[in-house]
Structure formats: C-alpha cells, structure tokens
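Participant: I have a structure here, written as structure tokens, and I will follow up with some questions on it.
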Amino acid sequence: MLTQNPLTPHAHDAPASPLERLAPNKLILGLFLPMQEGAWSPSRAPRSTSWTFDYLAQCTRQAEDLGFDLAFGLAQWMGKGGYGGEIHFREHELDPIIVNTALAAMTKRIVLINTVHILYAWHPLHLAKFGAALDHISGGRWGVNVVTGYKPSEYRMFGLDMIEHDLRYDMADEFTTLLERLWAEDENLTFAGRWWKTENAFLAPRPGARRPFLVNAASSGAGLAYAAKHSDLIFITSPGGAEPAKAYETLPPVNARIKDLAASLGRQVKTIINPHVICRPTEKEAQEAYRRILEHEDPVAADNFVQTFVGGDTKSWRGHSRAQWVIGGNVHLVGTPEQIVEGFVKLQAAGCDGVQVNFFDYLPDLAYFGEAVIPMMKLAGLRT
C-alpha cells in the first residue's frame, strides 16, 4: 500500500529543510545499495551480493528494520562488459530512480536517495515532475543526488561533447535553481536561463512542505560552491585515502570548509562519508576477509576501474591507492564490532555527520552489522 504524504502540498511560504525529517541521531546511518554488478569491489572472492531487484529490496527492508536513516543508489552508464575482466565488473545495473519508485511502496520510514546525471539531456521540468511524484509516493522520503558526470564515454553515449569541469557546476546551479522554483511556486513559471528555458511551466502536485532532499558529492572549489548553495547532504571523500588514521587527520578541514561555506549563505548542511565495513567477531577474521578480497582481485577490472577515476578531471579520490580501490569505499573500517564503532566515533569527531556504509557480501554482512555493531553505536551515543 502506498504511503500518503501527510504534508500539505501548498505549504511553501516558509519551506522547511528536509533534514528536519531525519531522526536526531548523532551520526546519520545510510546504506549504499549494490545496484551495480560487483558493487564496489572488483574481486572474484565468493559472495552473495547481487544487483537484482529482489536482492536490493531485501537489503533496503532489512536496513529499515535495523533503523538505518537512508538507502542510496548510484547511477552509471557503461558499455558492454562494464569495466571488463572475468567478472564484467559493473556491467549490469538497475536504474536507481526506477528502483526507488518501487522501494518507496515497499518501505515506510527509510529515506530513499538516487543519483541523476542532470546534464545527460535532462530538463529540470522532467526531474521536478518525477521528484514530486516520488515525494508523494514515499511520503516525503525521496531525494536526488545531483551529479554532472565526469566520464567522456558517458557523454558520448548521449551524443554530447564533454563539458569543462567548472562549467558543469555553473550549469548544475542553473538546473537546480529552476528545479527548486518548480517545486516551490504555485503559478505558471517562465524562465530564460543560459542553458535551460521554460514557458508557463506548472507542477501539480508539488512536493510537501519539506522539498525533496538535494544531495551531491563535492571536493573541488566549484563543486563545494554548488553544494553550499543547494545541497542538504554532501558526500565527501578522505584526502588521505582509505587508511582510517589518515582519514581522521585530513577530514576536519574538509568538513569545516563545507559548513563554513553553507553558513555564509545562511544554510545548514550535513556531510556524509562512505566507509567500507568489514566486521567480524575477531580482528584476525576481519583481516582475513580483507585479504581474501585483495587476493581474488580481477586485475583487468581493477585496472580499468582505477583508471576511470585517476584519469579524469574529478578532484575526489586522489589519495586512494590501487589496493584501496579493489576493496572499494572511501574509508576502510576493518575489525571487531568495537573497532568499527571506534572508527565511527572518530569520523564523527572529524566533523562527519553521517556514514553511508557499503559491504562486500551485503546481506550476511548487513545482518551481522545489525546484530553486533548497531547496539554498540547506541551505547556510544551515536544512535538513539
């Protein structure tokens, strides 16, 4: 049964921040869904992880039962074979906006966020209408991760030329400005921008009093300026790579800069980072699981995966080594439940407002995380 939106669709005089609908936990807890084949690890080590909808639905419902705040879906556009290798890493993927539409009708509390490459021939009116529908279907639990794209191959798939890095964010600013106006205004809207135009556009129904969540990942100057102006949640990366101690050391200035930028515009934002969690009853077992992923790497897939990021103009992930890419995720937390929670405490102390975790073998790893880690997060004061 679809959840009805309890918010009045015309209460836009003083729109509330969508962040207000999140529970008042010291640390936001999100799950990075494995919508791509192989998820984050180009490894042939045995696992159950699957990109299929039934598997994604099991992950999302289990995360909701465990009290997770968010479930997040990445988007990609890949050629045949994905990143290659024996495993055809990431060849298959379900579109996240379609998946979230289905998940919205299967869940009641968890916030569902999906990625959209807005410069791949989207018009803001398309996303405004789809987002308003998802807002009503989910009862105000939907958000969009706005990305501009950084892979020339993806642009070429849509018959487009690659766009210069900072210009992409200028375009994203105009796109999102029009998107927010369509969600907020109750009259026909005529808009003549540099890249998008509309004449007498109107949206009904519009989202509720809290507009949908706006999310992006930012590390460059242009990306951070966009994030401070528009985003509620900002995905950040560790300049020091995936080794936890270096992440704890290098993250505080990143978080401070983002929040200072937002405050200068009179806005509040929250930052969230993506740890890959490998948790076992003993540290020895956790380290063995870590080594097993590396020992079974698919070298062709791994090489292609790494080159995509280090060969482009994205400013994120520059501090990560090849081996860290094989594991996947932005910070690697490997150890006992106590050690994982200690890592979360340090990430929070470094200024991160949330963690968006991913796993290698999702369903069993998520079940153990719920059994062993979440109770300790409550004891540590990170979760209520």
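Participant: Restricting to the range 58-87, and then to whatever is assigned to a helix (DSSP H, G or I) and not aliphatic (A, V, I, L, M), can you tell me which residue is surrounded by the fewest Cβ atoms within 10 Å (Cβ to Cβ)?
Facilitator: Per the criteria, the residue is D65.
Participant: Of all residues in the range 217-248, how many are in contact with a His (Cβ under 8 Å, 6 or more places away or on another chain) and surrounded by fewer than 24 Cβ atoms within 10 Å (Cβ to Cβ)?
Facilitator: Residues meeting the conditions: 5.
Participant: Scan the range 165-173 and give yes if some residue there is surrounded by fewer than 18 Cβ atoms within 10 Å (Cβ to Cβ), modelled with pLDDT of 95 or more, closer than 23 Å to S231 by Cβ and of a type in the set (G, A, S), otherwise no.
Facilitator: Taking every residue of the range 165-173 in turn, none turns out to be surrounded by fewer than 18 Cβ atoms within 10 Å (Cβ to Cβ), modelled with pLDDT of 95 or more, closer than 23 Å to S231 by Cβ and of a type in the set (G, A, S).
Participant: I'm checking my understanding of the structure. Among residues of the range 101-155 that are among the aliphatic types (A, V, I, L, M) and in contact with a Lys or Arg (Cβ under 8 Å, 6 or more places away or on another chain), which one is nearest to M78 (Cα to Cα)?
Facilitator: The extreme case among them is L119.
Participant: Have a look at L203, L179, L214 and point out the one that is in contact with a Leu (Cβ under 9 Å, 6 or more places away or on another chain), in a helix (DSSP H, G or I), crowded, with 18+ Cβ neighbours inside 10 Å and modelled with pLDDT of 95 or more.
Facilitator: After applying the criteria, what remains is L179.
Participant: So, one more: What's the number of the condition E20 fails, among (1) outside any loop (DSSP other than H, G, I, E, B); (2) modelled with pLDDT of 95 or more; (3) within 25 Å of R267 (Cβ to Cβ)?
Facilitator: Here E20 clears every test but (2).
Participant: Report the residue count in the range 194-219 for those that are of a type in the set (S, T, Y) and closer than 28 Å to Q268 by Cβ.
Facilitator: Residues meeting the conditions: 1.
Participant: Still on this structure, please answer the following. Among the helices (runs of 4 or more DSSP H) lying completely within the range 249-366, list those that include at least 1 residues that are open to solvent by 30 Å² or more (accessible area, probe 1.4 Å) and basic (K, R).
Facilitator: Once the helices (runs of 4 or more DSSP H) in the range 249-366 are filtered for at least 1 residues that are open to solvent by 30 Å² or more (accessible area, probe 1.4 Å) and basic (K, R), what remains is 283-295, 322-327, 337-349.
Participant: It is to be established whether one or more residues within the range 102-122 are over 30 Å from Y226 (Cα atoms), in a loop (DSSP other than H, G, I, E, B) and basic (K, R).
Facilitator: yes
Each row is one residue, and each column tells you yes or no for (1) closer than 16 Å to L214 by Cα; (2) open to solvent by 20 Å² or more (accessible area, probe 1.4 Å).
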{"position": "R109", "(1), (2)": "no, yes"}
{"position": "L112", "(1), (2)": "yes, no"}
{"position": "Y120", "(1), (2)": "no, no"}
{"position": "H123", "(1), (2)": "no, yes"}
{"position": "F130", "(1), (2)": "yes, yes"}
{"position": "S138", "(1), (2)": "yes, no"}
{"position": "Y150", "(1), (2)": "no, yes"}
{"position": "S153", "(1), (2)": "no, yes"}
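Participant: For residues that are assigned to a loop (DSSP other than H, G, I, E, B) and either hydroxyl-bearing (S, T, Y) or buried (at least 24 other Cβ atoms within 10 Å of the Cβ) (or both), tally how many sit in the range 41-57.
Facilitator: The qualifying residues number 6.
Participant: Here is a follow-up. What are the pairs, 6+ residues apart or on separate chains, where a residue within the range 269-296 that is closer than 30 Å to A228 by Cα has its Cβ under 7 Å from a residue that is basic (K, R) and in a helix (DSSP H, G or I)?
Facilitator: If the second residue must be basic (K, R) and in a helix (DSSP H, G or I), the pairs left are V269/K259.
Participant: Please state which one of T198, T237, T190 is assigned to a loop (DSSP other than H, G, I, E, B) and under 29 Å from E164 (Cα atoms).
Facilitator: Among T198, T237, T190, only T237 is assigned to a loop (DSSP other than H, G, I, E, B) and under 29 Å from E164 (Cα atoms).
The values are calculated or read from the model by the stated rules, or taken from the named source; none is laboratory data. None of these values were measured; they are calculated from a predicted model. Positions of Cβ are generated from backbone atoms using ideal geometry, with glycine treated the same way; all protein chains shown enter the neighbour counts. Calculation scope for accessible area: heavy atoms of the full protein, side chains included, ligands and nucleic acids excluded. Shrake-Rupley method; radii C 1.70, N 1.55, O 1.52, S 1.80 Å.
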